[in-house]
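Heads up, the thing below is written out as structure tokens.
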Amino acid sequence: MHHVILGLLLTGPLSLYDVQKRFAAGLAHFYSSSSGSIERALRTLVTEGHATIHDDPGSARRRRVYRITPSGRAAWREWMQSPTPAGADAETTALAKVFLLGRLEDAGEQAAVLAGIRAEAEGARARLSDLAAALDAQAAELDDATRTVYRPQRATLDYGLRAHDTLIAWLREQEEAIA
């Protein structure tokens, strides 16, 4: 979440309320957050020196705004260009990077980020495919009762393969759009 917030702060100073609205307006479609988690992340960004907090001089209600620092910009850029960690949050992280991609000004950098995400998705898809082949080989030896249990479990693996195929095709479309 920290890097996503840094990406939002690239557009200019935002209050806690502004950040929450930005999440609700777009990121919430794929990125789960609460007001408390956003507030904690903003405090951490200030503590780490990636953001500063100031009173908004134009506000009569003592509105506080967060601004990204040069180290925050560097941390965000490094995150955008780094490999997406594998695991349960991989898809969410990949989508967040694509959502924030337009904040990278150079089309070559944008293309490199997309190519990296696609390569990771292709690698994960290949590992799932290898697993499917190994499981299918073992399934040939199953008795009918065990095969009845196995069939829906194998279907979930098919879903994962299809989801990866969709993600890879979508990423290729995004790469073509910036080429």
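Here are some notes:
- Using alpha-carbon coordinates, inclination of helix 90-99 to the longest axis of the chain, degrees: 50
- Estimated [θ] at 222 nm from DSSP helical runs (n ≥ 4, -39500 (n - 2.57)) normalised by residues in the chain, nearest 500: -22500 deg cm²/dmol
- Relative contact order of the chain: 21 percent, from C-alpha pairs under 8 Å at least 6 residues apart in sequence.
- On Cα atoms only, tilt of 70-81 relative to the major axis of the chain in degrees: 20
- Candidates VAL149, GLY108, VAL65 compared by Cα position along the dipole of the chain: farthest toward the positive end lies VAL65, with charges placed on Cβ.
- 28 Å tail of the calculated P(r), region 31-179, as % of Cα pairs: 43
- Put the Cα centre of region 88-103 next to the Cα centre of region 152-179 and the gap is 15 Å.
- Charge dipole of the chain (Cα centre as origin; +1 on each Lys and Arg Cβ, -1 on each Asp and Glu Cβ, all else neutral): 1000 debye, rounded to the nearest 20.
- Remark: spin-label model distance ALA119-PHE30 equals 2.0 nm, labels positioned 7 Å along the Cα→Cβ axis.
- The charge dipole of region 86-179, taken about the Cα centre with unit charges on the Cβ atoms of Lys, Arg (+1) and Asp, Glu (-1), comes to about 180 debye, rounded to the nearest 20.
- Between THR52 and ARG147, the simple spin-label model (points 7 angstrom out along Cα→Cβ) gives 7.0 nm.
- Rounded Å value of the spacing that divides the Cα centres of region 1-61 and region 114-133: 33
- Ranking of LEU10, LEU114 by count of other Cβ atoms within 10 Å, fewest first: LEU10, LEU114
- Total formal charge among the other residues, if their Cβ is under 13 angstrom from that of GLY72, Lys/Arg +1 and Asp/Glu -1: +2
- For the chain, the longest principal axis of the alpha carbon atoms and the long axis of helix 144-178 meet at an angle near 40°.
- In order through region 28-36: 3J(HN,Hα) via Karplus (6.51 cos²θ - 1.76 cosθ + 1.60), integer Hz, x for Gly, Pro: 4, 5, 9, 10, 7, 8, 10, 4, x
Bear in mind that the values in this text are calculations on the coordinates, not laboratory data. Computed from a predicted model, the values in this text were never measured in an experiment. Methodologically, a virtual Cβ is constructed for each residue, glycine included, from the backbone with ideal geometry; neighbour enumeration extends over all protein chains shown.
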